[in-house]
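See below for the structure under consideration.
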């Protein structure tokens with residue numbers, strides 16, 4: 001209880017704690033919604049792949065010396081997302097290799113550029129915080145929060161508006177095309193939303209852990225819930241709760257934010273596995 | 001308890017941001033490393049509301065070719081926030097080695113150098129803290 | 001008897017070459033057409049062409065229907081998918097939704113009616129992945145009916161089902177046909193085709209080998225060869 005008091009005190013007193021919670025919870029929510037779709041389309045590793053591309057783009061942007069790096073990072077990530085996801089369901093092996101190639105390549109070249117053309121005094125610190133997101137979320141500006149809120153509103157609105165179509169396109173793309181639904185357009189929308197969330201989420205958990213944020217809540221929810229709506233709602237709730245708990249614990253105990261959130265997600269996943277094993281046995 | 005939390009949250013919604021206590025000194029040394037680093041960062045990003053406040057910080061001392069600075073590192077020692085410290089009098093920082101840990105107290109402000117605004121602590125005094133070895 | 005689909009001297013293929021040519025047949029209202037042929041004979045390309053998803057290399061395909069309900073072959077994702085039966089059947093109505101985000105009451109009612117028609121109302125809240133093969137196919141059939149209830153195109157609907165479920169599904173499809181739904185079915189099973197269908201289209205060797213009524217098929221040379229071969233396989 002003492003810790004809880006301390007936390008509330010922090011929340012009231014320090015603006016960066018409020019920013020962290022606002023951004024953290026919103027990004028967790030958006031990532032979880034997308035996560036269900038991506039996992040079901042067998043694109044679980046897209047989070048990792050695209051975030052490495054974003055990292056590479058960031059390295060290039062750092063060289064050019066632009067103040068607003070988003071001008072380069074967002075379009076490049078968007079383009080890659082469209083290229084990788086436009087095939088719809090990831091049934092071909094070619095798709096899997098493409099993600100791997102682009103992901104590792106971007107990471108390597110990004111890191112090389114950052115070292116050969118260092119634009120800041122602390123290259124390994126920058127790399128560390130972008131890849132692992134040690135304290136990025138606790139050092140946000142008000143403008144970051146505003147941008148995040150705008151993007152989150154757009155993403156959630158798009159998801160609500162296109163919910164039925166996203167479901168149909170994820171479940172059976174062939175049928176959609178046959179019944180006159182423009183499956184390609186909706187795949188494009190999904191790709192664009194994914195890119196936007198990943199670029200944003202680099203601030204939250206860093207590159208390497210974005211995949212976890214996208215896949216763990218979805219996988220946990222799928223263990224227990226049996227309708228698409230149930231899975232989406234459960235995934236959103238799990239993701240937001242784990243993000244909240246993760247941020248709380250990392251502020252109180254000085255642990256890295258990204259890893260703490262993912263640990264919470266893993267714990268929930270194991271719990272849900274247990275629940276599904278138990279209920280499975282009861283049903284029989 | 002719940003009513004307290006609700007009151008706090010609604011107050012926040014109405015008044016946007018609250019800020020650290022303006023009357024007394026802002027003692028960052030009482031916070032854990034992550035919090036201290038983040039708060040210093042916050043002050044560097046948005047110095048407006050902290051100007052004129054007395055702040056107490058613990059960090060690494062460094063003097064190179066420019067004014068001495070204090071570096072506050074995050075828990076993983078991966079990133080650092082730097083504040084220039086102007087001494088209260090000439091001899092305040094004599095004999096301090098680079099990268100040694102010091103605690104200082106000063107008035108938060110800004111100064112201009114080459115046309116850019118930087119943050120600093122004015123009239124900085126050195127605080128001697130007895131550290132218990134863990 | 002109105003002609004709902006007319007194929008005239010159609011040839012189909014991809015950039016790599018022609019897959020089937022000389023396709024010339026007509027589907028009338030209320031027909032039950034079965035498309036036979038070995039693997040690789042161009043059946044799936046023909047299916048895509050009939051649905052308007054793939055252009056014909058030459059010839060013309062005329063469609064006089066408002067829509068075709070499609071029952072595709074299952075993909076791997078579907079088997080694991082967390083989706084309730086009701087959600088899946090309702091998704092058949094999407095083609096008519098346009099930009100509207102939610103289903104109207106009429107659409108929900110239509111979904112409920114189709115579920116009733118196929119005897120799966122009791123399964124409405126069940127998870128698709130927990131159903132048996134036969135039940136899953138019925139769900140997808142209900143979805144196809146929601147999309148367009150005057151004509152259905154079924155792509156190998158009984159593959160992977162046990163014999164009892166296969167018969168049940170065939171009976172169900174026949175019942176729909178008697179209710180006035182035009183059926184086009186792609187199949188491997190010659191004997192079932194001959195038993196249930198009114199017309200047969202046989203594709204083989206990159207060309208159309210036969211089109212006509214079932215009776216004509218049984219009398220034709222290719223019909224007799226295939227029935228004998230099919231019979232030998234079963235033994």
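Listed here are the residues, each with its yes/no results for (1) part of a strand (DSSP E or B); (2) touching a helix residue (DSSP H, G or I) at 6+ places or on another chain (Cβ under 9 Å); (3) within 14 Å of another protein chain (Cβ to nearest Cβ); (4) modelled with pLDDT of 85 or more.
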| position | (1), (2), (3), (4) |
| --- | --- |
| C:21 | yes, no, no, no |
| C:25 | yes, no, no, yes |
| C:46 | no, no, yes, yes |
| C:65 | no, no, yes, no |
_Being within 14 Å of chain C (Cβ to nearest Cβ) and not in a helix (DSSP H, G or I) is the requirement here; does residue A:180 meet it?_
yes
*Check every one of the helices (runs of 4 or more DSSP H) wholly within the range A:1-107 and list those with 1 or more residues that are under 20 Å from the mean Cα position of the chain (by Cα) and within 14 Å of chain B (Cβ to nearest Cβ).*
A:15-40
*Considering only the range A:150-175, state which residues are under 16 Å from residue A:46 (Cβ atoms) and either without any contact (Cβ under 8 Å) to a residue 24 or more places away in the chain or surrounded by fewer than 21 Cβ atoms within 10 Å (Cβ to Cβ) (or both).*
none
*Given (1) within 12 Å of another protein chain (Cβ to nearest Cβ); (2) at positive phi; (3) at pLDDT 85 or above, number of the condition residue B:44 does not satisfy*: (2)
*Please go through the range B:22-45 and pick out each residue that is crowded, with 16+ Cβ neighbours inside 10 Å and in a loop (DSSP other than H, G, I, E, B).*
B:31
*asked:* If I filter the range A:220-229 for residues that are surrounded by fewer than 23 Cβ atoms within 10 Å (Cβ to Cβ) and touching a strand residue (DSSP E or B) at 6+ places or on another chain (Cβ under 6 Å), do I get at least one hit?
replied: yes
_Checking residue B:92 against (1) under 19 Å from residue A:10 (Cβ atoms); (2) surrounded by fewer than 19 Cβ atoms within 10 Å (Cβ to Cβ), only one condition comes out false. Which one?_
(1)
_Close pairs (6 angstrom Cβ cut-off, 6 or more residues apart or separate chains): under 11 Å from residue B:103 (Cα atoms) in the range B:57-83, part of a loop (DSSP other than H, G, I, E, B) anywhere_ = B:60/B:99; B:61/B:96; B:61/B:100
*Of the numbered conditions (1) farther than 24 Å from residue B:33 by Cα; (2) under 17 Å from the mean Cα position of the chain (by Cα), residue B:115 satisfies every one except a single condition; which is it?*
(2)
*In the range A:212-238, what count of residues is obtained for those that are more than 9 Å from chain C (Cβ to nearest Cβ) and within 17 Å of the chain's Cα centre (by Cα)?*
16
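Sort through A:250, A:239 and tell me the only one that's buried (at least 23 other Cβ atoms within 10 Å of the Cβ), without any contact (Cβ under 8 Å) to a residue 12 or more places away in the chain and within 30 Å of residue B:77 (Cα to Cα).
Answer to the check: A:250.
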*Single residue of the range C:181-218 satisfying the filter (farther than 18 Å from residue C:170 by Cα and in contact with a helix residue (DSSP H, G or I) (Cβ under 7 Å, 6 or more places away or on another chain)) that is surrounded by the fewest Cβ atoms within 10 Å (Cβ to Cβ)*: C:218
*asked:* Give me the residue from the range A:116-129 that is assigned to a helix (DSSP H, G or I) and touching a helix residue (DSSP H, G or I) at 6+ places or on another chain (Cβ under 6 Å) and, out of that set, modelled with the highest pLDDT.
replied: A:129
*Could you say whether any residue in the range A:273-281 is within 14 Å of another protein chain (Cβ to nearest Cβ), in a helix (DSSP H, G or I) and without any contact (Cβ under 8 Å) to a residue 40 or more places away in the chain?*
yes
*Quick one: which residue in A:137, A:154 is more than 14 Å from chain B (Cβ to nearest Cβ) and either modelled with pLDDT of 85 or more or within 17 Å of the chain's Cα centre (by Cα) (or both)?*
A:154
*For residue C:58, all conditions in the list (1) outside the structural domain of residue C:154 (by TED's automatic domain parsing); (2) over 22 Å from residue C:169 (Cα atoms); (3) surrounded by fewer than 17 Cβ atoms within 10 Å (Cβ to Cβ) hold save one; what is the number of the exception?*
(1)
*Among the residues of the range B:56-81, which ones are farther than 17 Å from residue B:128 by Cβ, modelled with pLDDT of 85 or more and touching a helix residue (DSSP H, G or I) at 6+ places or on another chain (Cβ under 8 Å)?*
B:72, B:73, B:81
_With the requirement that a residue be touching a residue at least 24 places away in the same chain (Cβ under 8 Å) and farther than 25 Å from residue C:33 by Cβ, what does the range C:120-154 give you?_
C:120, C:123, C:124, C:125, C:126, C:127, C:128, C:129, C:131, C:132
_Checking the condition part of a helix (DSSP H, G or I) and within 8 Å of chain C (Cβ to nearest Cβ), which residue from A:200, A:241, A:249, A:160 passes?_
A:160
*Of the numbered conditions (1) part of a strand (DSSP E or B); (2) within 10 Å of chain A (Cβ to nearest Cβ); (3) surrounded by fewer than 18 Cβ atoms within 10 Å (Cβ to Cβ), residue C:53 fails exactly one; give the number of that condition.*
(1)
*Checklist (1) within 23 Å of residue A:154 (Cβ to Cβ); (2) crowded, with 21+ Cβ neighbours inside 10 Å applied to residue A:178, failing item*: (1)
*Given (1) out of contact with any strand residue (DSSP E or B) (no Cβ under 8 Å at 6 or more places or on another chain); (2) under 19 Å from residue C:51 (Cβ atoms), index of the condition residue C:130 fails*: (2)
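The values are calculated or read from the model by the stated rules, or taken from the named source; none is laboratory data. Being a predicted model, the structure only gives us computed values, none of them experimental. Positions of Cβ are generated from backbone atoms using ideal geometry, with glycine treated the same way; all protein chains shown enter the neighbour counts.
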